[in-house]
Amino acid sequence: MGGFCGVVSNSDCVSDLFFGTDYHSHLGTHRGGMATLGPEGLFIRGIHNISNAPFRSKFDRELERFSGKVGIGVISDTDPQPLVMTSKLGTFAIVTVGLINNIEEIKQELFDKHNVQLQFSTTSGMVGPTEVVSALIATRPTIVEGVKYVQERVQGSCSMLILDDKGRLYAARDKYGRTPIVLGKKDGAMMVVQESCALANLGYEYVRDLGPGEMVEIIPEGVVQKIAPGDKMAICAFLWVYYGFPASSYEGRNVEMARYRCGGALARRYPAPADAACGIPDSGTSHALGFAHEAGIKYARPFVKYTPTWARSFMPQDQRTREHVAAMKLIPIAGLIKDKSLVFCDDSIVRGTQLGKQAERLYRDGCRETHMRIACPPLMYPCEFINFSRSKSVYDLITRRYVRGHEGEGADIEKYTNPESEEYAKMVEFIREKLNLTSLAFQTVDDLVKAIGLPKEKLCTYCWTGRDVSKEEEQK
Ligand code: SF4
């Protein structure tokens, strides 16, 4: 995924920028970076590998190198950022978050159509999305025109912060607002973030969310709108289910509270005869609290996460390491498991491998019944719009492997998205049996939408429904 933070202030901004960026650490494990415009009008930049150590510990030692009243920072799951680019528009620093599906096509367009004599830097033969976006911006007469063009051309999504050599800080949200951008204010300073939880402890008050496709210039006193928001929004519903931080709110809807409501809805629609409700940490915890409250049963923690070294909820990219991490970080408490009937809440099922292993462990420790309640509907389509690493191919998904096994390739998937259909019921029963669970139920799309609290047409639910505003627009 990734996330970014920008600050513009009447005084030095480095401390706020550093901690504000750090509050996005749960969103990425690849690179962390910061750039400020120093007092001499030159950019000061640093990028670190954060795959083995947190952002804060990597930057602590070199923080005194940074100074300035305006800066941008990023936690990146893709390319090393921020980039500092020199172009006919001047020098600017840039960070991006999103997914560019047509990156090769755009690269070719830059070579062929815009007569750009470009050389892209590559490390593994792949050109970074931030570099391509910067080059695309530079084909237009101004930064604002350039950002407009990026939003027109990118298939997927691209939110960004740009800091130019005049000290102007711009924030632009992706065309359909898949990822959030939130503005905060304190006396003499403005902060722009993707995770609103960064604001409170740094003394900033929430001002507003940017609209889909909106671009603003941010000054210490407020914002100047550069591109008006579009009328269609499709913010990622998975923010509330899984990867958003519990203390954050997007479009005014808090993550933790949405998860409580999610758990409550599961308890109402799919009750379970259990002694206690339990969460698979981290995100399952708040869903389970909601379930326990609604069902009037105890909440228990039969799995405790070893937080001193497994603090981050995001997993490494490769499957083997991911499974190893999953097995190491959760420690069972036998006394809360033996002879108990437990209902577990988890955010989602991708491959089902980890959940199957956890169920095995529970039975080994003497668990009598393992009921599983999943906070979102069955995942049927891999995400095409943000850089979300739950699945790489369609057949990573246990659901799609089931459908292929029963109907072969090219089956009509829609009937499997309908909780009333026979096909849906058979698929859920197959997963329950495979994972050796006493019972299994998935949230419905409507209950999930209600728990989040935004109108359905403003949310992206593509990975469960296969329907999306960008596809509808393409068909017009
Ligand atoms: S497809 Fe799923 S993960 Fe991707 S933006 Fe939509 S809801 Fe989020």
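A few notes on this one:
- Fully extended contour minus Cα-Cα distance, from D231 to A334, at 0.36 nm per residue: 31.8 nm
- Interatomic Cα distance distribution for the range 331-375, bins of 10 angstrom, percent: 28, 56, 16
- Shape analysis of the range 135-263 yields a ratio of the Cα radius of gyration to the Kirkwood radius, Rg/Rh, of 0.99.
- On the beta carbon distance between S15 and T86, with R0 = 22 Å, the FRET formula returns roughly 0.15.
- For the range 3-233, the fraction of alpha-carbon pairs lying more than 33 Å apart is 9 percent, rounded to a whole number.
- Pairs of Cα atoms nearer than 8 Å and 6+ residues apart set the relative contact order; for the chain it is 13 percent.
- Violating pairs (Cα-Cα greater than 18 angstrom) within the set K175/K471; K357/K434; K113/K166; K148/K232; K148/K456; K175/K226: K113/K166; K148/K456
- The chain: angle of helix 103-112 to the longest principal axis, Cα-based, in degrees nearest 10: 20
- Surrounding net charge for K58, when Lys and Arg each add one and Asp and Glu each subtract one, Cβ distance under 11 Å: 0
- Less than 5 angstrom separates the built amide H of A237 from those of C460, all sequence-distant by 5 or more or on a different chain.
- P(r), alpha carbons of the chain - 10 Å bins starting at zero, rounded %: 4, 20, 29, 25, 15, 6, 1, 0
- Projecting label points 7 angstrom from Cα along Cα→Cβ for K166 and L42 puts them 2.3 nm apart.
- As a size descriptor, the averaged projected area of the C-alpha convex hull of the range 255-457 was calculated at 11.5 nm².
- The Cα-based radius of gyration and maximum Cα-Cα distance (Dmax) for the range 72-195 are 14.2, 48 Å.
- Counting DSSP beta bridges with both ends in the range 255-457, the antiparallel % (nearest 5): 15
- Formal net charge of residues neighbouring P455 (Cβ-Cβ distance under 14 Å; K, R +1; D, E -1): +1
- Each residue of the range 38-45 was assigned a 3J(HN,Hα) from its phi angle through the Karplus expression (A = 6.51, B = -1.76, C = 1.60, θ = phi - 60°), giving x, x, 7, x, 10, 6, 10, 9 Hz with x at Gly and Pro.
- Between helix 283-295 and the chain: long-axis angle, C-alpha atoms, 0 to 90°, nearest 10: 50
- Once the Cβ-Cβ distance of E62 and E473 is raised to the sixth power relative to R0 = 35 Å, the FRET efficiency obtained is 0.20.
- The H on the amide N of I181, modeled in the peptide plane, is under 5 Å from the matching H of L210, each at least 5 residues off or on a different chain.
- Counting only residues at least eight positions apart within a chain, or on another chain, the aspartates and glutamates with an alpha carbon under 12 Å from that of K58 are D22.
Here, each number is a calculation from the coordinates, and none is a lab measurement. Because the structure is predicted, anything quoted here is derived from the model rather than measured. FYI the Cβ positions are ideal-geometry reconstructions off the backbone, even for glycines, and counts take in every protein chain you see.
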